[in-house]
Structures are given as structure tokens and as C-alpha cells.
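Bear in mind that the values in this text are calculations on the coordinates, not laboratory data. Remember, it's a predicted structure, so these values are computed and weren't measured experimentally. Methodologically, a virtual Cβ is constructed for each residue, glycine included, from the backbone with ideal geometry; neighbour enumeration extends over all protein chains shown.
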Amino acid sequence: MPDDEHAAIKRHLRELDTLGEDLAVLDRAIGEATLDSPVVRRLLTVTGINVTVAAGLAAAIGDVRRFSSPQKLVSYFGLNPRVRQSGLGLAQHGRISKAGRSHARALLVEAAWAAAKAPGPLHAFFVRVRAQRGHQIAAVATARKLAVLCWHLLIKEANYLWGRPAFVANKIRGLELQAGQPQKKGNQRGPAYASTTSTRCAIRRWRSPGARRPLTSGSWRTGRRAHRKRCADASNRQGSNEGGPAGLAAEAPRFATRSSAS
């Protein structure tokens, strides 16, 4: 490599290191300023919104009470469609206006792409719109829905109902580390593990055969007997359709098995 190119590469690397140090200082300042903010913590419960997006939206919105309706906030972000109409003629709706806070609109679009990858109502909405209009329009529509959702959460002072506790706990912990708080190392598990474990236990109870019955001492026996009966009935139907003995599976003591006809 020539000397001039080698010197240019070293100069660019020094510039990248300097910019990285400046970004680290800015990230820590943002973390310290938003650590105790209830608005940022409330926005972090929404799927797809991380610390950077939450802090940017909180700075762009300010006092949410100055927006009398969610449509006003959507217009402020420039996510409302353009309307062309003359007199009593037919109104023509076009692309989004792109008026207002462009950086907040970009943050919402990035959050929409992240929310489209996670399971939940926002993902279902993205998939439904994408099947009709394409993925670009679906991302903008999801960003608009995020703006409406943020307005309702901030006005009602409530957290996102479909937020996943494990992800929210990781976001809060990331905000604390970004603000410069010390790391917590050891054998003690955090809230993310507890919420994930409780969610998995709830899913197992919901999928179990006796999930719709009260969790009493005899409920698991009832569910086990019902599971055996369903297996036996399915095996009997399968055996009768294939020409095998219909009552062979019912004689099995615990598990229904299928015996091939000789």
C-alpha cells in the first residue's frame, strides 16, 4: 500500500475514534437526562421503541396536552396524507405530507420496522397492510399507528397493554447502564428472567389439556384421562379407516397405539 493511502486510512480511523468518543458522551448525557423521566419509561413499553426513539419522541412531543387529538400529533409528525379538493369535487388523497418534525418521523418509521418483526398487534397490522399495499406503505402506516398509540399512552398515563415484560426490563436496564450506573453481576436473577419464566409457565398452563378447569388437586388427573380418551378415539377412527381392528387401541393400558393388520 502506498504511503499516502496508508496515511489517509490512519487519519480516517482517528476521525472515527473521535466521533465514537463523542457519541459515547452524548449517549451518557441522554441516559442521565431521561433515566427518571416517566414519559420515556412509558414509551419504552411499546414494542419497537428503544431508548433513542423514546428520548427523541419525548423531546419532539414535549407537553402532549398541547395536542387535542391524536390526529393533531400525526399531522405534527407529517404522517397524515395529503388531500386535494376543489369546491364540492371529489377529494383526492395522496402521499403523506412530510411536514413538521422530520427527525421524529424518521424515528417512528424505524420503530415501525422493528415492531413489524416482533409478535403482537403491530406485527399483525403490518402484515395485513403489506398484503394489500406493499411493505413501504405498511411501514409508514405502522409508524402512524405508533404516533396515535403514543398519544393515548401519554394522555391516559398508562403503559402499553401488549408490552412484553422481559423486553421492557431489558430496555430499562440498558437505559440505566447508558446513564452510567454500575453493572450488577452475580447469581441473582433480574426481572427479565422472572417475567420470562412466568410467561412460559402461563403458556404451559394454557396449552395443557386441563387448562380451562380450576387448578385443583384432581384437575391434572381429569386432564390426563381426557387426553387418553382423545388418543384412543383418534386411533380407533384411524384403525377403522385402514381396515384394522377398531377396538385394539382401546385395550392399551396407558398410551393408545396403532397395530398394523396382519
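To the nearest 0.05, what FRET efficiency results for Asp17 and Gln85 with a Förster distance of 41 Å applied to their C-beta separation? Walk me through the intermediate numbers first.
Details: r = 55 Å, r/R0 = 1.34.
After rounding, the FRET efficiency stands at 0.15.
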Task: Additional length obtainable on full extension of the chain from Arg66 to Arg28, 0.36 nm per residue less Cα span - done: 10.7 nm
TODO: Run the quick spin-label model on Arg173 and His103: label points 7 Å from Cα toward the beta carbon, then report their separation in nm to one decimal.
DONE: 3.0 nm
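Going down the table (Lys117/Lys185; Lys98/Lys171; Lys117/Lys184; Lys98/Lys156; Lys117/Lys145; Lys98/Lys145), which pairs top 21 Å between alpha carbons? Working shown, then result.
Working: Lys117/Lys185 31 Å; Lys98/Lys171 30 Å; Lys117/Lys184 30 Å; Lys98/Lys156 27 Å; Lys117/Lys145 16 Å; Lys98/Lys145 16 Å.
Distance filter (> 21 Å) returns Lys117/Lys185; Lys98/Lys171; Lys117/Lys184; Lys98/Lys156.
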